[in-house]
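Have a look at the structure below, then the notes.
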């Protein structure tokens, strides 16, 4: 079996997994239980996984079979770390990306379902969801976790775009465009996603949005008007025909397809798209 790297993401709320593959340049090393842990200076006051979390997620892997794991950029409520497992479960790579969220209000299972849908359409570009489960930390706090493979030998498109030649840039864009077209072949009878909820139509979805810097109003004739609090931005009006047209074109979208969420690798001197990650904003 080939060796791949493993990343574990521990989170109490949503965060980008893209940052997880960036190397940590300045780290202090500490020891937690039997495992050597590498933690960045900025991360030491933020959330880090404990041995209880690790044993809950990798309960069938002996501690002495876990290599050094490295905490990647994290917050008070989110943590991503990478770990290499010498002895792995059947069908698992030895390097993984593991995401953990507080069970209260977690959408992790629903998000994993949408990522599984995307993987079914783009198996060569969307990481497989290997596992979704639940664990507790040393304080007894309940959390949900998911496991996906970690892509070795890759970088984010954001990191390398300026170094690519025009042919490679066009090639990457073509692959991403075709991927979006493939995703949009999936349709649904509702509008929305796990983060913002679902509605039977665009009108209901707009009315249910937690608006902060704008307001939504309905005027005579059935128009919906979305007005910004800033006079410089103005407003957008949706006529009944606009809304009907939008309802006919509700499709599956990633909704955060930024260069930081696209992994690329060099193959025979050419840049190729390796994976599309971070499906937290996905929906219809």
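Things to note:
- Residues that are within 30 Å of residue 109 (Cα to Cα), surrounded by 12 or more Cβ atoms within 10 Å (Cβ to Cβ) and modelled with pLDDT under 90, drawn from region 210-246: 211
- Enumeration of residues in region 112-146 that are free of Cβ contacts under 8 Å to residues at least 60 places away in the same chain and out of contact with any strand residue (DSSP E or B) (no Cβ under 8 Å at 6 or more places or on another chain): 113, 116, 119, 120, 123, 124, 139, 140
- The number of residues in region 108-120 that are in contact with a helix residue (DSSP H, G or I) (Cβ under 7 Å, 6 or more places away or on another chain) and surrounded by fewer than 16 Cβ atoms within 10 Å (Cβ to Cβ) comes to 0.
- Test for residue 104: is it surrounded by fewer than 18 Cβ atoms within 10 Å (Cβ to Cβ), in contact with a strand residue (DSSP E or B) (Cβ under 8 Å, 6 or more places away or on another chain) and not in a helix (DSSP H, G or I): yes
- Which listed residue, of 206, 243, 226, 211, is in contact with a helix residue (DSSP H, G or I) (Cβ under 6 Å, 6 or more places away or on another chain) and either touching a residue at least 24 places away in the same chain (Cβ under 8 Å) or over 30 Å from residue 98 (Cβ atoms) (or both): 243
- Qualifying residues in region 177-196 (those that are in a helix (DSSP H, G or I) and free of Cβ contacts under 8 Å to residues at least 40 places away in the same chain) - the one surrounded by the most Cβ atoms within 10 Å (Cβ to Cβ): 178
- Selection from region 120-167 of residues that are in a loop (DSSP other than H, G, I, E, B), within 16 Å of residue 260 (Cβ to Cβ) and more than 17 Å from the chain's Cα centre (by Cα): 164
- Each residue in region 227-277 was checked for being farther than 21 Å from residue 187 by Cβ and not in a helix (DSSP H, G or I), and 28 of them qualify.
- Of the criteria (1) surrounded by 21 or more Cβ atoms within 10 Å (Cβ to Cβ); (2) in a helix (DSSP H, G or I), which one residue 93 fails: (2)
- Of the residues screened, residue 251 is not one that is closer than 30 Å to residue 128 by Cα, in contact (Cβ under 8 Å) with a residue 60 or more places away in the chain and in contact with a helix residue (DSSP H, G or I) (Cβ under 6 Å, 6 or more places away or on another chain).
- Residue within region 168-176 that is touching a strand residue (DSSP E or B) at 6+ places or on another chain (Cβ under 9 Å), under 30 Å from residue 54 (Cα atoms) and either at pLDDT 95 or above or in a loop (DSSP other than H, G, I, E, B) (or both) present: no
The values are calculated or read from the model by the stated rules, or taken from the named source; none is laboratory data. All of these numbers come straight from a predicted model, not from anything done at the bench. Note: ideal-geometry Cβ built from the backbone for every residue, glycine included; neighbour counts use all protein chains shown.
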